[in-house]
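Each remark here refers to the structure printed beneath this line.
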Amino acid sequence: MELECLGASGEVGRSAFLLKTDKKIMLDYGIKLFDESGTAKFPEQTNVNPDFAVLSHAHLDHSGCIPALYTSGKIKWYGALPTKDIVEVLWKDSMKIMGDGLPYRLGHFRKALDYFTPLEYKKTTTMGETDLTLYDAGHISGSALVELEYKNKKIVYTGDFKCEETHMHQGAKYIEDVDTLIIESTYANREHPKRKEVEQKVMEQIYETIDKGGNMLFPSFALGRTQELIALVRHYDKDIPVYVDGMGREITNIYLKHPRFIKNANKLRDAVNSVRMVEGIPDKKDATREPSVIISTAGMMNGGPILNYLFHSNQNSKLIFTGYCVEETNGWYLQNKGFIMKDEEELHVDLPFEYMDLSAHAGRTDILNFIKHANPQKIVVVHGDNTQGFADELNESFGYDAVAPKAGEKIQV
């Protein structure tokens, strides 16, 4: 068996791996939106045509290039049920933003949607001599740990995963007796703070800001984080005015459409019914006229309605970042340089801000525990800023056989 690494190898973004058993299986096929070059990056080229593709989850760094598989062919691709609805929203948005910069067109987008086949968690599908099983990854709605068995060998690809329970998800469960583990390492070198403590700090900041008459602004990822923040605020307080703007509104409806894929759909539905979904200019004005919580895309502040709120909230307002901002995005500029870029101009921002970690990725301890329970013969470390350092640590300190491939490299598994 061979693994051809086409992305997310020595980097975060453009996850794409071609696994060869008796079948040629594409594991994810994503894009890297925020590259150092200033332009998007796509998976490395391969001369192998896959027999089918498996998508671990809908985030664009894992899914964004799937339609490109349909520029010269047609194959089935598999994922958990909510994934198709979510990627349809995300792909449309990326086509609107990037236009001709994408390696596919509208026809390929439509064809890709036609060839999706949903799979249930924990139910095995056999393709030739290869068995495919998905397990809940605890990351977003429909996220999956991908298990493949071929000739009594078990390969597990984690995609993005989280073991700790959140408001949206129970968390991923460990998989035992793995031969080859392909594991994300986004937070392999650091721990997340205790989640309950972070949530309490978030609420303290909300109350302090609202008491001053300001708006608490949450630049938020539309997928996963918006829904988590709605549930979090309403878990602690039923009455604070909450406004939700941007693409997160549509994704929230998809979450509710697939209630089996979140922890407590009734609780989320009640929370969503109690907040105000921003539909137009009057709603936007109302949001900033009263002390309120405003949850709005984009999470890294590269566009989206959050920029409007940034300059229309009063001086008693504040921002809280709850997720990672890639270098040279507006969120990164604000946190590190005190300004954002708009129309190629530096705009200085006077509002105070904080970063509070509500990551949907596994932290160091969970990653190490996942590896311990899997007890793999070989580990392929991917999707991280220092994959080689973590692979070296696994080899030298823990006695594993770990490798950190580079993009374009082929590995025997």
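The values are calculated or read from the model by the stated rules, or taken from the named source; none is laboratory data. Keep in mind it's a predicted model, so treat the numbers as computed, not measured. No Cβ is skipped: glycine too gets one built from the backbone with ideal geometry, and neighbour counts run over all protein chains shown.
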Given the criteria basic (Lys, Arg) and at positive phi, does residue 122 qualify? yes
Contacts under 8 angstrom Cβ, first residue in segment 115-142 being in a strand (DSSP E or B), partner surrounded by 19 or more Cβ atoms within 10 Å (Cβ to Cβ) and basic (Lys, Arg), 6 or more apart: 116/84; 118/84
Are any of the residues in segment 200-208 of a type in the set (A, V, I, L, M), in contact with a Ser or Thr (Cβ under 7 Å, 6 or more places away or on another chain), under 15 Å from residue 288 (Cα atoms) and at pLDDT 95 or above? no
Of the criteria (1) free of Cβ contacts under 8 Å to residues at least 24 places away in the same chain; (2) in a loop (DSSP other than H, G, I, E, B); (3) of a type outside the set (Asp, Glu), which one residue 253 fails: (2)
Inside segment 54-84, the number of residues satisfying the requirement of being in a loop (DSSP other than H, G, I, E, B) and in contact with a helix residue (DSSP H, G or I) (Cβ under 9 Å, 6 or more places away or on another chain) is 10
Criterion (buried (at least 20 other Cβ atoms within 10 Å of the Cβ), out of contact with any Gly (no Cβ under 8 Å at 6 or more places or on another chain) and either assigned to a strand (DSSP E or B) or acidic (Asp, Glu) (or both)) met by exactly one of 87, 146, 156: 156
Would you mind telling me which numbered condition in (1) assigned to a strand (DSSP E or B); (2) in the same structural domain as residue 13 (by TED's automatic domain parsing) residue 173 fails? (1)
Picking from 136, 85, 93, the residue that is out of contact with any strand residue (DSSP E or B) (no Cβ under 6 Å at 6 or more places or on another chain) and modelled with pLDDT of 95 or more would be 85
Do we have residue 295 as crowded, with 21+ Cβ neighbours inside 10 Å, touching an Asp or Glu at 6+ places or on another chain (Cβ under 8 Å) and over 27 Å from residue 203 (Cα atoms) here? no
Which of (1) part of a strand (DSSP E or B); (2) in the same structural domain as residue 87 (by TED's automatic domain parsing); (3) hydrophobic (A, V, I, L, M, F, W, C) does residue 216 not meet, given it meets every other one? (2)
Under the condition of being buried (at least 23 other Cβ atoms within 10 Å of the Cβ) and more than 17 Å from the chain's Cα centre (by Cα), which residue from segment 18-41 is nearest to residue 142 (Cα to Cα)? 26
Matching entry among 403, 381, 326 (being in contact with a Ser or Thr (Cβ under 7 Å, 6 or more places away or on another chain), closer than 19 Å to residue 9 by Cβ and surrounded by 15 or more Cβ atoms within 10 Å (Cβ to Cβ)): 381
For residue 166, work out the one condition from (1) of a type in the set (Ser, Thr, Tyr); (2) over 27 Å from residue 381 (Cβ atoms); (3) assigned to a loop (DSSP other than H, G, I, E, B) it doesn't fulfil. (2)
Taking the condition of being out of contact with any Pro (no Cβ under 9 Å at 6 or more places or on another chain) and either crowded, with 20+ Cβ neighbours inside 10 Å or not assigned by TED's automatic domain parsing to the domain that holds residue 65 (or both), how many residues in segment 96-131 meet it? 1
